[in-house]
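Notes follow the structure.
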Amino acid sequence: MTAVQTPSVDAPVDGPGGSKLGSTIKRVIASNPSVLPTVAAIVIFIGMVIYGEVAYGRIVQYNTLSNLLINNAHLIILAAGMTFVILTGGIDLSVGSVIAFSSVAGVMLANAGWNPWVVIVLMILIGTVFGLASGILIQYFNVQPFIATLAMMFLGRGLASLLSTQPERLADDSQLLWLGEQFKLIDGEKVNDVVITPGVIIAFVVVLVAFFVLHRTRTGRTVYAIGGSESSSALMGLAVPRTKILVYVISGTLSGIAAVVYTSRLGIAQNITGIGWELDAIAATVIGGTLLTGGYGYVLGSVVGALVLGLMNVLITRDGGIPPEMTTIITGGILLVFVLLQRAVTSKRQT
Amino acid sequence: MSEALPIVEMRDISIEFPGVRALDGVDFRLFQGEVHALMGENGAGKSTLIKALTGVYKIDGGSIVVAGQERQLHGTRDAQSAGISTVYQEVNLVTNLTIGENVMLGHEVRGAFGVNWRATHEAATEALARLGLEHLDTHRPLSTLSIAMQQLVAISRAMAIKAKVLILDEPTSSLDAAEVEGLFRVMRTLRDQGVAILFVSHFLDQIYAISDRLTILRNGRYEGEYLTRDLDRHALISKMIGKDLNSLASLGGNRRVDARDYAAEAPLLSAKGLGRRGSIEPTDLDVHRGEVVGFAGLLGSGRTELARLLYGADRADDGEVTLHGKRVDLRAPADGLGKRIAFSTENRRDEGIIGDLTVRENMILAVQAERGWARPIPRKEQDELVDQYIEALNVRPPDPNRLIKNLSGGNQQKVLLGRWLATKPELLILDEPTRGIDVGAKAEIQEAVAQLAEDGVSVVYISSELEEVVRLSERIVVLKDHQKIGEIVNGADVTAQMVVDVIAAHGVEAAERDIIDAEAPHTNDASHPGDAQHTTVPATAATEEES
């Protein structure tokens with residue numbers, strides 16, 4: 001236990017000080033220094049936007065920002081699910097493969113003439129089943145989350161390859177494509193419009209629900225408590241086994257939803273879809289300020305993390321001079337900076 | 001205390017583990033509005049009985065009746081819904097959440113939009129107020145509180161879920177005297193509110209200070225239930241260990257060592273200006289062959305830090321160490337080990353035992369490390385070594401193949417002692433070897449230390465219990481604020497109070513007041529052997545408050 005010693009049992013507590021707003025902000029930061037990495041992620045995101053605008057132009061405008069959301073909606077959904085898992089101190093490596101399997105299966109079923117709504121539900125359920133399997137392995141068979149979800153990752157990829165090794169294209173008149181259709185909200189000059197897709201709306205809803213669950217329900221608080229100390233949580237009488245399985249079910253289900261959103265946007269699915277996305281989701285979560293050891297972090301931070309990664313790709317494309325191979329190096333660099341930042345924050349707390 | 005129906009009645013409880021009968025027909029009853037101490041040596045079955053009552057272990061025989069209803073308890077949640085709440089020695093809260101959240105976790109007040117945080121924090125404040133802690137800001141992170149305060153928060157949590165039975169399993173073992181007094185105040189308040197409190201502690205002083213009634217267990221059997229005021233210490237200890245107290249005294253419990261004259265002898269180990277920035281100021285220290293040197297000081301005074309430098313667990317950035325007159329470089333534990341220096345940590349659970357290994361494996365670890373992993377110790381040699389120390393140190397149960405985490409604390413400590421003795425050290429550093437263990441095991445460990453010294457092994461002995469240090473050491477090195485402030489050569493006139501005075505006299509102000517307050521009730525009767533009296537030094541040195 002990393003407690004800061006206070007003088008004695010009857011330690012006096014700081015009296016009310018300063019303005020109300022100031023003390024509230026101070027209290028929030030004092031009560032949870034881990035907001036700092038999340039704040040840092042927001043600052044970096046804003047910094048990237050400003051840099052991009054100054055260096056390349058045409059960043060702070062309707063269509064660029066709209067596209068940023070549209071192109072990263074699936075990643076935002078994945079990162080939200082990953083946040084639950086990482087908050088408990090676990091990890092889910094299977095999300096990318098789940099998307100591959102779910103989307104290949106979904107496209108094939110849709111092309112076989114199944115009702116699109118049934119297809120969507122099945123695609124989501126595939127994710128749920130994978131998450132449930134991981135959760136049960138982890139909780140009842142005591143398998144390390146890393147290994148359990150790694151197994152699920154291979155399984156999902158294998159199943160997707162069994163179904164097809166060709167790109168499966170949705171029929172042009174498939175109703176599934178509606179989810180990826182762009183709706184113009186504000187008609188700007190030329191192509192500078194505010195556009196939105198149902199996929200983006202789904203991502204918004206997912207994030208809002210995730211936020212509500214994490215901060216406004218007992219289940220959500222149990223997620224944080226497990227990340228703080230699993231054994232203590234059990235001794236406090238919290239529903240640890242149920243919650244641990246639940247976070248993987250959530251992550252799996254959201255992978256299914258991400259598969260729907262992604263497939264409907266591209267209209268194509270392939271067994272190699274989503275390779276490395278689990279790592280993107282983890283990176284987004286970590287950049288957003290969630291501690292890999294669990295217990296600290298925010299789903300809104302993960303959204304910012306996903307946007308940082310997305311914006312980085314935009315900037316690299318705009319620059320033109322940076323070879324695309326550099327993308328992963330830069331991602332790695334940003335990730336490293338954030339992990340070091342978290343280290344600094346946690347070590348401060350421990351002294 | 002009314003002789004009404006007990007709130008908890010455990011009848012004829014039996015629990016078996018593979019090969020062992022941990023509890024054998026034990027009766028236990030607990031009344032509302034009393035503090036009931038559960039007494040017994042390590043391994044007597046106290047923890048097992050508590051775990052039966054909290055639903056962690058399934059009982060193999062007997063019945064548990066709570067508030068007139070027979071209950072089958074499966075897990076903490078069951079126990080909680082029966083109104084039984086437990087606060088353990090290691091605080092079982094989560095430090096990543098706020099005080100208020102910890103108090104209310106799993107019982108947050110819910111409204112139309114999920115958890116109503118305002119109401120939740122109000123409810124938490126209310127629960128804290130029952131303990132007189134309404135001044136705590138429930139929005140602050142739990143990690144900003146001392147362990148003692150965290151313990152009180154854990155108790156508030158029990159109150160927030162309306163517990164009628166509060167189990168306190170060794171809550172005082174990491175608290176200083178003032179903090180213990182704070183805890184007792186809270187316990188009395190709750191008792192007066194009608195809460196039934198089951199209390200476990202190894203400190204007899206505390207048992208007599210707080211408990212109304214006690215139940216004694218011995219070797220998994222029920223020994224008897226007594227009113228605390230009817231049973232004096234002698235009788236209590238005798239009943240706990242099952243033999244007359246005088247036989248305990250012969251174990252070495254009240255041994256006294258007088259310093260020998262080492263002037264003519266070159267020291268085994270000599271440190272000159274040994275220090276490390278931020279942990280211990282440059283320090284001179286000599287240890288002679290066969291000498292027991294005690295380190296006395298507050299928690300955080302630098303005693304552990306100095307010991308770690310002597311072993312090489314930390315690297316000194318100043319000064320030098322000579323061993324047998326030759327300069328040695330201690331950069332890593334392997335260096336210390338190679339120079340026949342052994343260090344047994346104060347942090348038994350995290351730095352000492354490896355819970356999932358057996359007693360045998362734990363014991364041979366250091367010898368094996370010293371030989372190098374390429375040359376495994378033959379099984380036969382292992383068995384001989386392990387059997388030898390199990391017998392010599394009276395490890396119970398004497399089963400080398402049992403996982404060490406299933407042993408009681410005292411016996412784990414003996415295994416650790418065995419681990420280091422197996423390396424045949426010339427200098428053995430023991431950091432708090434007797435913390436949290438019972439009278440019998442403590443006497444046995446003290447006896448082992450005395451015997452070692454007679455056999456020519458030098459020992460550095462660190463303990464918060466000054467009586468123990470005074471009893472065992474020939475020389476006492478007094479530390480304070482990360483530096484050595486004096487050395488006392490032990491003799492007939494040296495008492496624990498003298499050590500306290502040295503600490504108090506050096507530097508002044510708050511620390512001094514604390515110590516005198518804390519020590520005053522402890523300085524009487526020196527006639528009881530074993531751990532009849534304790535001088536635990538307050539942990540709140542001024543320096544610690546800043547970190």
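Some values worked out for this structure:
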| quantity | calculated |
| --- | --- |
| Complete set of residues in region B:84-131 that are of a type in the set (Asp, Glu), in a helix (DSSP H, G or I) and more than 7 Å from chain A (Cβ to nearest Cβ) | B:Glu122, B:Glu126 |
| Number of positions in region A:227-237 that are facing chain B (nearest Cβ under 7 Å), in a helix (DSSP H, G or I) and within 13 Å of A:Gly295 (Cα to Cα) | 4 |
| B:Ser408 being surrounded by 14 or more Cβ atoms within 10 Å (Cβ to Cβ) and touching a strand residue (DSSP E or B) at 6+ places or on another chain (Cβ under 7 Å) | no |
| Index of the failed condition, A:Gly295 passing every other in (1) of a type in the set (Gly, Ala, Ser); (2) more than 10 Å from every other protein chain (Cβ to nearest Cβ); (3) not in a helix (DSSP H, G or I) | (2) |
| Sole residue being modelled with pLDDT of 50 or more, under 30 Å from B:Gly45 (Cα atoms), buried (at least 18 other Cβ atoms within 10 Å of the Cβ) and of a type in the set (A, V, I, L, M, F, W, C), chosen from B:Val499, B:Val469 | B:Val469 |
| Failed item, numbered, when B:Gly253 is tested on (1) at pLDDT below 70; (2) touching a strand residue (DSSP E or B) at 6+ places or on another chain (Cβ under 9 Å) | (2) |
| Region B:63-83, subset free of Cβ contacts under 8 Å to residues at least 40 places away in the same chain and of a type in the set (S, T, N, Q), residue nearest to the other protein chains (Cβ to nearest Cβ) | B:Thr76 |
| In region B:176-199, the residues that are aliphatic (A, V, I, L, M), within 13 Å of another protein chain (Cβ to nearest Cβ) and either surrounded by 22 or more Cβ atoms within 10 Å (Cβ to Cβ) or within 17 Å of B:Arg157 (Cα to Cα) (or both) | B:Ala177, B:Val180, B:Leu183, B:Val186, B:Met187 |
| Residues satisfying the stated conditions in region B:132-143, i.e. farther than 17 Å from A:Ser232 by Cβ and facing chain A (nearest Cβ under 7 Å) | B:His135, B:Leu136, B:Asp137, B:His139, B:Arg140 |
| Test: B:Leu417 is aliphatic (A, V, I, L, M), outside any loop (DSSP other than H, G, I, E, B), surrounded by 22 or more Cβ atoms within 10 Å (Cβ to Cβ) and not assigned by TED's automatic domain parsing to the domain that holds B:Leu285 | yes |
| Residue count, region A:245-272 (criterion: surrounded by 24 or more Cβ atoms within 10 Å (Cβ to Cβ) and in a loop (DSSP other than H, G, I, E, B)) | 1 |
| Verdict on B:Thr423 being assigned to a loop (DSSP other than H, G, I, E, B), among the hydroxyl-bearing types (Ser, Thr, Tyr) and within 15 Å of the chain's Cα centre (by Cα) | no |
| Failed criterion for B:Ala374 (all others in (1) outside any helix (DSSP H, G or I); (2) surrounded by 12 or more Cβ atoms within 10 Å (Cβ to Cβ); (3) small (Gly, Ala, Ser) hold) | (2) |
| Matching residues in region A:285-297 - criterion: being more than 10 Å from the chain's Cα centre (by Cα) and of a type in the set (Ser, Thr, Tyr) | A:Thr290, A:Thr293, A:Tyr296 |
| One residue from A:Ser103, A:Ser66 being assigned to a helix (DSSP H, G or I), buried (at least 24 other Cβ atoms within 10 Å of the Cβ) and touching a residue at least 24 places away in the same chain (Cβ under 8 Å) | A:Ser103 |
| Matching residues in region A:136-172 - criterion: being assigned to a helix (DSSP H, G or I), among the aromatic types (Phe, Trp, Tyr) and under 24 Å from A:Thr293 (Cα atoms) | A:Tyr140, A:Phe146 |
| Subset of region B:318-344 [surrounded by fewer than 17 Cβ atoms within 10 Å (Cβ to Cβ) and hydroxyl-bearing (Ser, Thr, Tyr)] | B:Thr322 |
| Hey, B:Val109 in contact (Cβ under 8 Å) with a residue 40 or more places away in the chain and either assigned by TED's automatic domain parsing to the domain that holds B:Asp24 or surrounded by fewer than 19 Cβ atoms within 10 Å (Cβ to Cβ) (or both) or not | no |
| Members of region A:189-226 found to be within 11 Å of chain B (Cβ to nearest Cβ) and among the charged types (D, E, K, R), listed by number | A:Arg216, A:Arg218, A:Arg221 |
| Output for region B:51-75, where each listed residue is under 29 Å from the mean Cα position of the chain (by Cα), closer than 23 Å to B:Arg191 by Cα and in a loop (DSSP other than H, G, I, E, B) | B:Thr54 |
| Among (1) at the interface with chain A (Cβ under 8 Å from one of its Cβ atoms); (2) within 22 Å of B:Phe199 (Cα to Cα); (3) under 26 Å from the mean Cα position of the chain (by Cα), the one test that B:Thr48 misses | (1) |
| Every pair of residues 6+ apart whose Cβ atoms lie under 9 Å, when the first sits in region B:274-302 and is without any contact (Cβ under 8 Å) to a residue 40 or more places away in the chain while the second is of a type in the set (Val, Ile, Thr) | B:Asp286/B:Val293 |
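Yes or no, residue by residue, for (1) at positive phi; (2) over 23 Å from the mean Cα position of the chain (by Cα); (3) not hydrophobic (A, V, I, L, M, F, W, C):
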| residue | (1), (2), (3) |
| --- | --- |
| B:Leu97 | no, yes, no |
| B:Arg110 | no, yes, yes |
| B:Asn116 | no, yes, yes |
| B:Ala129 | no, yes, no |
| B:Glu134 | no, yes, yes |
| B:Met159 | no, yes, no |
| B:Lys162 | yes, yes, yes |
| B:Ser174 | no, no, yes |
| B:Val186 | no, no, no |
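The values are calculated or read from the model by the stated rules, or taken from the named source; none is laboratory data. Worth saying up front: this structure is predicted, and the values here are computed from it rather than measured. No Cβ is skipped: glycine too gets one built from the backbone with ideal geometry, and neighbour counts run over all protein chains shown.
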